[in-house]
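Peer 1: Got a structure here, written out as structure tokens. Questions coming.
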Amino acid sequence: MQSVIEHQTVGKRGSARKVARRIVAVTAHTGVELLGIRRNADRNADHAGRPTRSSLASQRVSSASKRPNAPRSVHSATAAAEGSRIKQDERAVRQQAARRRIAAVQEAARKQLAGALLGPARSGLRRLASRLPAVPRPRLGELHLAFAVAVVLAVLALGLILQPGLPLYALMQQSPQITLPDGEQTAEPLRIRLAARDADYSAREEATEVDISSFLGVHTTEYELASGDTLSAIAARKGLRLDTLVSFNRITDARRLRAGDTIKVPNRDGVLHTVSRGESLERIARSHGSSVNALLDANDLESARISSGDLLFVPQARMDSTELAIVLGDAFRWPVRGRLSSGFGMRRDPFTGTRRFHNGIDIVNRPGTPVRAAMSGRVVHVENQPGNYGKFVIMRHPRGYQTLYAHLDRITVSSGQYLSQGQ
């Protein structure tokens, strides 16, 4: 293996040396030829600049034969001028011939140098082409099939691109030509159409206006409750929702408000949110249907960093309906109207006579009186306990509340049924 590599290296070096020698030989030969041409041109120029006596005599003879009556001095000057002009013409002809020969020698040298340099490259390419596997020429039928497939694909692509409704399809359509009307009678309908178009654009702009009130800061004013005031009436006068006043003032029982108490009235609707551990602005905004920018602007926050226990005003958010009903005292309704025979708390047991804790209220009424759901919820238990609750129903409500209806005459609902408040 080593001997083969050495032989190939020597071969490559030998070929490179041959190329170099050939280039040197061509350059030297070209230089010798150009030098000889230059010397001949200079020698001819020198001979042309020094006219011989024989030539001058012949010129004088020819001039004398032409002008026999001319003086001798005039004849000599005319012959000299004529001889110099002839020599200049001969010098110009020799220079042009020398230039052509120099150009021919240079072109021949350029071709020889190109052959010396490109010859090894051409031979290498021939050897490489001889080693490559032969590629079969495609048949005429295969070319026709490939062309047909390309045409079909191009038509399908154009059909997909130029579908109606696409921007490119609109560009391909011819632009409508606008013809200006002549005269006042035909110009009036055009002005009407343009006015209608401007009104349409104005209506669209008004419809797309952005409500920036949700990105403004919150400002509050104080209001002192007077006798006869209600939260709903105050909210209506201030242009706010009832749950905004309840949430902003963190009211837990509206029935405990008294005249003289002071509440804060914000300048727009929203609710207060207490930040829990692990909450972020993104999570709070997503749960209330708001945005992080609205929270930052409404609470004058410089960054999104919040801590557990912080109070945030969430613009346009709403309170939970059940929570609001509990605050207003409307969460539960009387299931039935009648006489209250026993209240909630300690009492004397009507069966044993001992004092026990009563976990409900007893309402006396006629048998068959309808008992209604005190709060919306779902029936989760139906049972009959003779000697205790008798026939009873348990309902489950939002926020973990449950109600039990006992001592019933008969039951008309089933477990899993959803009931609305008052049903």
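The values are calculated or read from the model by the stated rules, or taken from the named source; none is laboratory data. Being a predicted model, the structure only gives us computed values, none of them experimental. Cβ: placed from backbone, ideal geometry, glycine included. Neighbour counts: every protein chain shown. To get the accessible areas, we keep the full protein, side chains included, count just its heavy atoms, and leave off ligands, DNA and RNA. Shrake-Rupley method; radii C 1.70, N 1.55, O 1.52, S 1.80 Å.
Peer 1: Suppose we filter Arg318, Arg250, Arg333 for residues that are in contact (Cβ under 8 Å) with a residue 60 or more places away in the chain, farther than 30 Å from Leu404 by Cα and part of a loop (DSSP other than H, G, I, E, B); which single one remains?
Peer 2: Answer to the check: Arg318.
Peer 1: Inside segment 302-315, can you point out the residues that are of a type in the set (A, V, I, L, M, F, W, C) and assigned to a loop (DSSP other than H, G, I, E, B)? Full working, then the answer.
Peer 2: Within segment 302-315, the first condition is being of a type in the set (A, V, I, L, M, F, W, C), and the residues that meet it are 304, 306, 311-314.
If the condition is that a residue be of a type in the set (A, V, I, L, M, F, W, C) and assigned to a loop (DSSP other than H, G, I, E, B), then Ala304, Ile306 are the ones that fit.
Peer 1: Same structure again: Can you tell me how many residues within segment 280-301 are farther than 15 Å from Gln316 by Cβ, in a helix (DSSP H, G or I) and open to solvent by 60 Å² or more (accessible area, probe 1.4 Å)?
Peer 2: The total comes to 2.
Peer 1: On to the next question. Just to be sure before I move on: is Arg268 open to solvent by less than 40 Å² (accessible area, probe 1.4 Å), within 30 Å of Gly329 (Cα to Cα) and not polar (S, T, N, Q) in the structure I sent?
Peer 2: yes
Peer 1: I'd like the full set of residues that are of a type in the set (A, V, I, L, M, F, W, C) and surrounded by 13 or more Cβ atoms within 10 Å (Cβ to Cβ), limited to segment 313-346.
Peer 2: Hits for segment 313-346 are Phe313, Val314, Ala317, Met319, Leu324, Ala325, Ile326, Val327, Leu328, Ala331, Phe332, Val336.
Peer 1: Scan segment 347-361 residue by residue and report those that are surrounded by 11 or more Cβ atoms within 10 Å (Cβ to Cβ) and under 19 Å from Tyr401 (Cα atoms).
Peer 2: His358, Gly360, Ile361
Peer 1: Still on this model: Would you please list the contacts, defined by Cβ atoms under 7 Å and residues six or more apart or on different chains, that run from a residue in segment 85-109 that is open to solvent by 70 Å² or more (accessible area, probe 1.4 Å) to a residue that is assigned to a helix (DSSP H, G or I) and of a type outside the set (Gly, Ala, Ser)?
Peer 2: Arg94/Asn44; Arg101/Ile37
Peer 1: Tell me which of these Gly416 doesn't satisfy, since it passes every other one: (1) exposed (fewer than 14 other Cβ atoms within 10 Å of the Cβ); (2) in a helix (DSSP H, G or I).
Peer 2: Every condition holds for Gly416 apart from (2).
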